[in-house]
């Protein structure tokens with residue numbers, strides 16, 4: 001397969017003693033505050049004494065002035081927030097109270113509170129008007145951390161819109177849901193919450209946690225009532241592919257503030273790899289259910305989008321629901337795709353797919 | 001072996017022995033027969049596994065583990081449904097004049113002749129009118145001009161638009177003008193170009209019915225309406241005219257012609273209802289057709305419309321459509337006649353030619369005939385207007401239909417309305433005796449008919465295509 | 001009355017409650033005059049019908065069956081229904 005479209009990991013000796021978030025600059029810039037230490041890449045002029053300044057063609061090519069990188073202290077730097085990325089996401093914790101069979105970021109029980117601090121600093125320094133994603137683990141696992149996080153952002157009057165991935169269980173406590181909404185009155189926040197079934201039997205099995213479904217349901221009710229915008233996420237698997245439309249009907253009838261619904265094709269990363277044969281179901285097997293689900297969009301007046309479904313694997317009548325969405329650092333296409341007229345509209349395949357499971361169909365020429 | 005509990009539901013036996021059930025989330029399901037109903041009530045585990053799965057998904061039954069969450073889900077959806085009707089933005093109706101150039105035998109507004117004085121809203125009242133509207137409602141403002149014949153007060157409408165545009169953004173309000181179109185002329189059409197203005201006109205079943213009922217001086221009302229519709233289409237484009245058809249005894253055989261007329265005129269939005277008992281229509285015509293007679297006509301009409309749609313011709317009948325939308329909790333399921341709770345002045349507001357404010361179109365008709373002062377909730381000409389809402393609150397309290405005899409056990413409770421004003425007029429109190437309420441019989445019949453249609457997938461596709 | 005008959009039906013009090021009878025009769029009011037009489041162990045329902053209208057027995061007994069079923073259903077779910085409605089109205093008044 002061809003390589004992914006954007007590179008984000010680099011090495012340079014000059015970074016050997018730098019640790020944590022830094023702001024990448026190409027020139028001196030007095031407009032940027034002093035939230036984060038700065039490194040100067042490929043600057044024409046001398047940026048001062050005692051500053052970290054060096055030339056590096058790779059880093060220069062793939063970054064923009066103002067981007068944020070996390071340095072590991074050993075010379076490596078990963079670009080965490082970039083203006084040239086089509087999606088920016090920050091990891092705020094690796095801890096989680098679910099253990100989803102297809103978890104793409106398997107949890108680790110570590111004390112990583114520092115990640116929240118890094119995230120807050122990075123967002124403030126980056127100061128973007130474009131959405132930044134917040135993910136984990138479970139970002140809302142410890143209510144105090146997230147409340148603190150928002151409080152700091154508010155102190156610096158940062159208004160960057162945020163999209164937070166969460167299992168929603170924290171919202172089962174009404175007070176937390178209300179506090180969450182209060183803290184974000186000046187900021188656009190959407191929370192992406194997965195719901196995998198209309199009963200605990202299916203959902204709890206998939207997230208491998210007893211009681212998860214009930215808490216998520218209570219959470220979705222409270223969050224919606226508090227006024228929090230919700231993106232409902234559904235991942236079809238062998239266990240739940242026949243009830244996707246039922247989940248949508250339930251959500252649309254019972255929850256408030258469902259801003260959109262995302263049906264997401266399983267990605268072969270993390271734990272999904274080892275559970276693949278138990279979980280994965282080909283879109284062709286449930287295409288009627290997919291069509292039925294997409295039709296609910298007009299009925300309930302809610303956007304319904306299909307993610308990670310190459311166009312050649314879903315019926316033509318729902319192509320307009322498919323979003324070209326995969327973060328550009330994961331996009332790849334096969335050689336067969338080159339002859340497909342729909343290629344520019346299609347999200348392609350995941351780089352993680354590694355030549356298995358693609359079966360691209362011959363498209364209309 | 002899992003043990004299941006029941007969540008509250010209502011049921012109704014349909015004509016073909018299947019049983020329709022609905023719950024407090026207003027989700028519907030059809031059981032194949034009475035036996036399944038008995039199993040559901042007496043011992044859920046006796047049902048087949050596939051039925052159990054579906055009933056779980058649709059919130060009719062629950063395992064012990066899921067029970068608390070499912071009760072929360074039911075409560076949440078029940079609240080959501082009531083809130084939908086409770087908080088929907090009002091339709092604002094304005095009657096700029098009671099004068100009219102027609103003499104319809106079943107006029108519901110007790111119109112007056114065009115040359116009479118003293119039945120118009122003065123232009124000077126427009127600023128108070130706009131202030132009033134902005135005080136009681138938030139954008140988008142849905143404004144409908146009724147009459148009489150609103151086009152006789154075209155100067156008023158023009159001035160109102162002008163001042164409205166100065167007060168709010170132009171995309172924050174829309175007009176509908178209810179008119180016979182007989183007075184449409186170049187000036188009016190020119191003025192409408194590019195503005196968010198639609199027309200609503202009546203086309204009755206059959207030319208003779210149309211002419212007989214709407215006695216215009218020149219006796220050729222139907223032909224003139226046809227011509228004027230074409231003029232509007234040519235000048236303003238298609239889709240600007242919605243029609244309303246009121247069915248009386250004379251029109252009962254005219255269902256095919258009604259559809260043909262709409263198709264020939266390029267009209268795609270129909271709304272068909274039986275004659276009702278307000279204004280001039282009683283005592284003769286209201287009892288003039290029974291609901292059974294109307295339904296016989298209506299079903300044939302709808303089957304014809306389904307046929308046309310299946311041939312690829314897009315034509316919607318909105319009375320059926322709104323019943324369908326309410327049964328599926330669709331987004332645009334708001335219909336002034338089918339609201340519960342239905343507070344007076346909660347869903348619509350009407351300002352008539354005297355400046356008096358009423359809570360509904362029917363109320364001003366009832367007032368003109370019977371003079372109930374309670375129906376007036378204010379007057380726009382009075383400064384520092386405080387709306388008298390006591391009548392409205394009384395009505396509201398009596399208009400929840402889940403606790404009311406006749407409605408409490410009804411399978412359509414979550415989709416239907418209570419129409420307290422209708423029952424007030426018929427029975428002297430807002431609840432009425434549903435066993436001989438035309439309102440009840442009509443809507444139940446139409447809801448039943450929707451399910452009858454849905455048995456056929458091709459009809460289902462047509463109705464879903466209308467969404 | 002010319003041609004009018006009385007249709008008389010009896011129901012054991014142990015199997016049918018007064019409330020179920022009255023609810024079923026609510027819907028018959030439009031088609032026929034009726035009266036309900038207490039005969040100790042039995043209920044007596046009396047309809048005034050035309051010769052041809054034996055349909056009323058069928059219609060009435062279907063309604064009655066439904067209301068008897070509803071009574072069983074209510075025993076299972078009425079408390080829950082009231083609790084849901086109360087909670088809902090409470091939430092709405094916020």
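FYI, it's all coordinate maths here, none of it is from the lab. As the structure is a computational prediction, the values presented were derived from the model and not from experiment. Cβ atoms come from the backbone with ideal geometry, glycine included; neighbour counts cover every protein chain shown.
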Once the Cβ-Cβ distance between residue B:114 and residue B:2 is put in as r, and R0 is 51 Å, what FRET efficiency do you end up with, to the nearest 0.05? 0.10
Would any residue of segment A:70-97 have its amide N under 17 Å from a label point 7 Å out along Cα→Cβ of residue A:17? List them or say none. A:71-76
Residue order, fewest to most surrounding Cβ atoms within 10 angstrom, among B:317, B:159: B:159, B:317
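Please arrange A:15, A:279 by counting, for each residue, the other beta carbons lying within 10 Å of its beta carbon, fewest first. Don't skip to the end; give the middle numbers.
Details: A:15 23, A:279 19.
Lowest count first: A:279, A:15.
Please say if segment A:7-80 is rounded, prolate or oblate, where rounded means a/c under 1.5 for a ≥ b ≥ c the square roots of the C-alpha gyration tensor eigenvalues, and otherwise the choice is prolate for a/b larger than b/c and oblate otherwise?
Rounded is the answer for segment A:7-80, as its axis ratio a/c remains below 1.5.
According to the square roots a ≥ b ≥ c of the eigenvalues of the Cα gyration tensor, what is the shape class of the protein assembly as shown, taking rounded for a/c under 1.5, prolate for a/b larger than b/c otherwise, and oblate for the remainder?
Since a/c reaches 1.5 and a/b is larger than b/c, the shape of the protein assembly as shown is classed as prolate.
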In segment C:65-94, which residues have a backbone nitrogen under 19 Å from the label point lying 7 Å from residue B:68's Cα in the Cα-to-Cβ direction? C:80-81, C:83-85, C:87-88
Tell me, how many Å apart are the Cα centres for segment A:30-98 and for segment B:1-56? 60
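Inside 10 Å of the C-beta atoms of C:76-88, what's the mean count of C-beta atoms belonging to other chains? Present the calculation step by step, with values, prior to reporting the outcome.
On the way: counts 6, 8, 1, 1, 8, 11, 2, 3, 12, 9, 1, 7, 12.
Rounded to a whole number, the mean comes out at 6.
What shape does chain A have by the C-alpha gyration tensor, where a ≥ b ≥ c are the square roots of the eigenvalues, rounded means a/c under 1.5, and otherwise prolate means a/b greater than b/c and oblate the rest?
oblate
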How many nm separate the modelled label positions at residue B:381 and residue B:257, each set 7 Å beyond the Cα in the direction of the Cβ? 4.5
Using only Cα atoms, find the angle between the long axis of helix C:55-92 and the longest principal axis of chain C, and express it within 0 to 90 degrees, rounded to the nearest 10. 20
Mind giving me the nanometre distance, one decimal, between the label points for residue C:58 and residue B:292, set 7 Å out from Cα along Cα→Cβ? 1.4
Partner chain Cβ atoms within 10 Å, averaged over the residues of A:118-131 - can you pull that number for me? 0
So what is the relative contact order of chain A, in percent, for Cα pairs below 8 Å that sit 6 or more residues apart? 14
Under the 7 Å Cα-to-Cβ spin-label approximation, residue A:76 and residue B:227 lie apart by a distance in nanometres of 8.4
What angle do you read, to the nearest 10 degrees and between 0 and 90, between the alpha-carbon axis of helix A:114-126 and the longest principal axis of chain A? 70
Which angle between 0 and 90 degrees, to the nearest 10, do you get for helix A:244-254 versus the longest principal axis of chain A when only C-alpha atoms count? 80
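Between residue C:50 and residue C:79, what FRET efficiency follows from the Cβ-Cβ distance if R0 is 60 Å, with the result rounded to 0.05? Show your work: numbers first, answer last.
Values: r = 44 Å, r/R0 = 0.73.
That gives a FRET efficiency of 0.85.
Which order do the peptides B:323-334, B:190-201 take when ranked by the mean count of other beta-carbon atoms within 10 Å per residue, highest first?
Numbers: B:323-334: 20.6, B:190-201: 15.6.
Answer by packing, highest mean first, reads B:323-334, B:190-201.
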With contacts defined as alpha carbon pairs under 8 Å and 6 or more residues apart, what's the relative contact order of segment A:9-80 in percent? 46
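Find the relative contact order for chain C and round it to a whole percent, using C-alpha pairs within less than 8 Å whose residues are 6+ positions apart.
Relative CO of chain C lands at 33 percent.
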Can you tell me the order of A:92-105, B:91-104, A:26-39 when each peptide is scored by its average per-residue count of other Cβ atoms within 10 angstrom, highest first? B:91-104, A:92-105, A:26-39
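For peptide A:251-260, how many partner chain Cβ atoms fall within 10 Å of a residue's Cβ, on average? Intermediate values should be presented prior to the final figure.
Working: counts 1, 5, 14, 13, 4, 4, 0, 0, 0, 0.
The per-residue average across the peptide is 4.
Fewest Cβ neighbours within 10 Å first, please rank A:191, B:116 accordingly.
Values: A:191 27, B:116 12.
If I rank by nearby Cβ atoms, fewest first, I get B:116, A:191.
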